[in-house]
Each structure stands twice: as structure tokens, then as C-alpha cells.
1. Return the total of residues in region 178-201 being over 25 Å from the mean Cα position of the chain (by Cα) and either of a type outside the set (Gly, Ala, Ser) or in a helix (DSSP H, G or I) (or both).
2. Suppose we keep only residues that are part of a strand (DSSP E or B) and more than 18 Å from the chain's Cα centre (by Cα) within region 330-354. Which one would you say is farthest from residue 149 (Cα to Cα)?
3. Condition first: touching a Ser or Thr at 6+ places or on another chain (Cβ under 8 Å), crowded, with 20+ Cβ neighbours inside 10 Å and modelled with pLDDT of 95 or more. Can you find one or more residues in region 138-154 that meet it?
4. For residue 58, work out the one condition from (1) within 20 Å of residue 299 (Cα to Cα); (2) of a type in the set (Val, Ile, Thr); (3) crowded, with 17+ Cβ neighbours inside 10 Å it doesn't fulfil.
5. Could we say that residue 13 is hydrophobic (A, V, I, L, M, F, W, C), touching a Gly at 6+ places or on another chain (Cβ under 6 Å) and either loosely packed, with under 15 Cβ neighbours inside 10 Å or part of a strand (DSSP E or B) (or both) here?
6. Is it true that residue 316 is farther than 22 Å from residue 157 by Cβ and either of a type outside the set (Ser, Thr, Tyr) or crowded, with 19+ Cβ neighbours inside 10 Å (or both)?
7. Given 91, 131, 157, 116, which one is surrounded by fewer than 16 Cβ atoms within 10 Å (Cβ to Cβ) and either touching a residue at least 24 places away in the same chain (Cβ under 8 Å) or within 28 Å of residue 10 (Cβ to Cβ) (or both)?
8. Among the residues of region 270-285, is there at least one that is assigned to a strand (DSSP E or B) and at pLDDT 95 or above?
Amino acid sequence: MKIKDIEIHPISIPLREPFIISLGTTTSANNVIICIKTDGDLVGYGEAAPSSYVTGDIQESIISGLNFIKPILIGRDPFDISRIEEDIEGTLKGNYAMKAAIDMALLDLIGNTTKTPIYNLFGRYRTEFRTDCTIGVKDPKDMAEDAVRIVEQGFDTIKVKVGTDLAEDIERIKEIREAVGHEISIRADANQGWEPKDAVRAIKNLERYEIELIEQPVPWWDIRGLKWVRTHVDIPVMADESVHSPQDALKLIEQDAVDMFNIKLMKCGGIRNGIKIAHIAESAGMECMVGCRIESRVAITAASHLVASTKNITKVDLDSSLSLLEDPVQGGIEIDRGRIALPNRAGLGIESVRV
């Protein structure tokens with residue numbers, strides 16, 4: 001089996017409403033779908049979701065990167081995935097959303113060829129699990145109303161974006177906790193929005209509202225500040241923007257800076273690197289979350305295969321496809337009342353993508 005072509009399809013899908021975090025506002029998913037085709041007429045699907053303010057990639061740079069590395073893939077056997085990805089890394093640094101799309105498409109082809117789901121390739125641990133649902137930054141009372149609707153839809157965990165104004169951030173969590181009661185778990189994500197001392201002040205004020213964890217309270221580069229926050233609060237601290245690669249994970253563990261990691265395929269370059277990060281964390285006795293950007297069910301399904309195959313991924317934040325105004329994907333995961341179920345189908349289990 002040889003790769004004969006790579007189709008590159010930019011997509012732009014509006015969101016149901018603008019999604020606001022401390023780093024910026026998103027109104028549509030401007031992603032790239034790829035189809036890697038073989039001489040045996042098999043197709044492997046992948047998706048790249050850029051983030052200009054986290055990893056510095058945009059839709060146009062992903063397309064350019066794919067065209068640049070296309071000669072590395074043509075004529076290769078997808079089962080040579082380790083060597084292929086080594087060759088790509090040696091040719092083009094960074095561009096991890098693009099590399100994630102290639103990784104998932106190659107694994108999709110391998111799964112389709114061997115007639116088994118991707119999670120079986122890495123050792124199935126589970127095929128169903130629950131995800132949280134995220135609320136973007138708004139007026140506190142509007143966020144509380146959103147939280148009530150989310151609970152009514154069957155979710156039992158809410159992720160709340162904060163990190164804009166300290167007093168208002170505390171009010172956001174207060175309003176949401178009072179609106180949903182104490183049976184619902186709440187996670188707070190500051191997206192680098194606080195300085196260390198303000199972060200400690202905010203988190204100590206949030207402790208009364210029984211917050212499950214606080215994600216990336218300080219800028220990604222401030223590892224000393226991250227550790228300082230962790231040592232001064234009781235709520236577990238999670239790294240997101242501070243951990244892209246397995247090497248980042250090892251560095252954070254060595255410095256005892258966080259309690260857990262948020263793994264995203266678009267930061268680390270795909271499922272295989274995501275598993276490396278999770279295994280590093282597991283060796284240190286740490287749990288992980290798998291999160292996402294604004295992605296369709298292609299990438300969300302790929303991330304779900306990572307969750308399904310890895311024991312110490314105990315928290316899941318894979319709700320972004322629900323925020324899209326339309327769904328171009330046939331097949332893949334099913335999401336119902338906060339429960340994600342993976343299909344028992346070969347590869348990713350994607351049947352088609354409307355591009």
C-alpha cells in the first residue's frame with residue numbers, strides 16, 4: 001500500500017455564537033481537512049485546527065506547510081508512520097496542528113487496513129466516557145444561564161473561562177455555582193490571564209465554590225510562577241499552554257510545577273505524541289485531561305481515540321464540535337448528554353466529510 005495523493009480542503013464553519021476567552025474571540029472554525037489516499041483506494045481523514053495566539057499557526061500556513069511536505073508522503077507506506085513523521089519533523093519544525101492532521105490520517109489508514117479502530121492499535125482501555133461542556137467569557141449572569149442550560153442538556157461537568165477581570169471572574173464562578181448547585185463539577189480555565197499573585201488571590205476566593213481544578217492560571221512561559229501558584233493554593237493546577245511536547249511535560253514534572261496536564265492534539269502533533277505525554281505523566285503519578293480547539297468531529301474523534309486508549313486520561317474536554325452551526329462529518333463519535341461513545345469501526349470510524 002502506497003500513498004498516492006493528499007487532498008487539502010480548507011473549511012470555515014460559523015459558531016453558534018462567538019466564543020470568548022482571555023486570549024481572544026473566535027467566531028468560526030477555520031480549519032483544514034486532509035484526505036490521504038492510497039493506491040488501494042483507501043482514504044485516511046485528518047483535521048488541523050489552527051490557533052494563532054497559542055501555537056502561531058493559521059489556516060493559510062497549514063495549507064502551505066502541507067504542500068511543502070507533500071513530497072515526503074507521496075509513495076510512502078502509511079505503516080512507516082514513525083519514519084514518515086521523523087522525516088517531516090526534520091524538514092519542518094513546529095506546525096503541530098498540521099502534523100496532528102497527518103498523524104490521525106495515517107493512523108486512520110492503518111486502522112482501515114487492519115480493520116480495527118485506532119484505539120485498539122494502542123491498547124483499548126475504554127470506549128465510552130464523559131466530557132465537560134465549556135462556557136466562554138460573558139457577563140456573570142449570562143454565564144449562569146448558560147450553565148443551567150448545559151446541565152439541562154445532561155452534562156455533569158462545566159468548564160468556565162475566566163482570566164479577564166479578577167473580581168468579575170470570581171463573580172462568574174459564584175453565579176454559576178449558585179445556579180447549578182453542588183452536584184455539578186466546575187473547572188476554571190484562565191488561559192494565561194492572571195499574574196501569579198492575582199492568580200493565588202483569585203483561586204483562594206474560588207475555593208469556597210468547590211472548584212475541581214484551575215487551568216493555566218499564568219502565562220505559558222512563567223514556569224516559576226506556575227509552581228508558585230501551585231504551592232500556595234489547594235485547588236489542583238493544570239498546565240495547558242505550558243505543555244506542548246513530551247519534553248515540556250518532562251520539564252514541568254522535573255520542576256514540580258503542576259498537578260496535571262491538558263493534552264491537545266493540535267499542540268503536540270497528534271495521537272502518538274499525546275500518548276507519550278500521558279505516559280510521562282503516568283510515570284510521575286499524574287493524571288491528564290484531553291482538550292481541544294474549535295474542531296469538527298474529525299479531530300474530536302481522533303482525540304477520543306487517545307482517551308479511549310490511555311488509562312490516566314481521566315478528564316475530558318471534547319465538546320467543541322457541538323458549538324458549530326453545522327456538522328460536515330458522517331460517522332465518528334456520538335455525543336449524547338455529555339457521554340461520548342466511540343464506534344466499533346475501523347480507523348477513526350469516519351465515513352465521509354462534506355468539504
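The values are calculated or read from the model by the stated rules, or taken from the named source; none is laboratory data. This structure is a prediction, so every number in the text was calculated from the model and none was measured. Counting neighbours? That spans all protein chains shown, and the Cβs are built from the backbone with ideal geometry, glycine included.
1. Here the count works out to 9.
2. That would be 347.
3. Scanning region 138-154 turns up no residue that is touching a Ser or Thr at 6+ places or on another chain (Cβ under 8 Å), crowded, with 20+ Cβ neighbours inside 10 Å and modelled with pLDDT of 95 or more.
4. Only one criterion is unmet by residue 58, namely (3).
5. No: the conditions fail for residue 13.
6. When the stated conditions are applied, residue 316 does not pass them.
7. 91
8. No, region 270-285 contains no residue that is assigned to a strand (DSSP E or B) and at pLDDT 95 or above.
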